[in-house]
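Just so you know, all these numbers are worked out from the coordinates, no wet-lab data involved. Note that this is a predicted model, so its numbers are computed, not measured. When we count neighbours, we look across all protein chains shown, and the Cβ atoms used for this are built from the backbone with ideal geometry, even at glycine.
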């Protein structure tokens, strides 16, 4: 298993750290770069397993997890969400998917969870992320 890719670019002091969980490398890199350009520190993971490694590292403070639902491996985005709710209940999670069946499962079993459709507008997703982080601080 490859380790999650930490941000290598200098970030402004106090920048919120986001964990982006996306198996499509082009989608992940492009969105991560957009988030960095907008002042966030970003850690990238290509699977739920890599995301769990990050979340279980005590010296890493993640402000929000942005995760695709459909991912390879034993755990998908729903499994990651369940783990976060059980182990890090105050951590905001924003889910995304382009697969209709996943969206249907979300609406039935996880209707209260924030979601953005894929393909998502980067600026709209960025605004949603900022709002969720601000709400979590209150």
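Ranked by Cβ crowding within 10 angstrom, fewest neighbours first, how are 123, 76 ordered?
On the way: 123 10, 76 19.
Placing the least packed residue first, the sequence is 123, 76.
When you take every Cα atom in segment 16-137, what is the radius of gyration, and what is Dmax, the widest Cα pair distance, in Å?
Final numbers for Rg and Dmax: 13.1, 37 Å.
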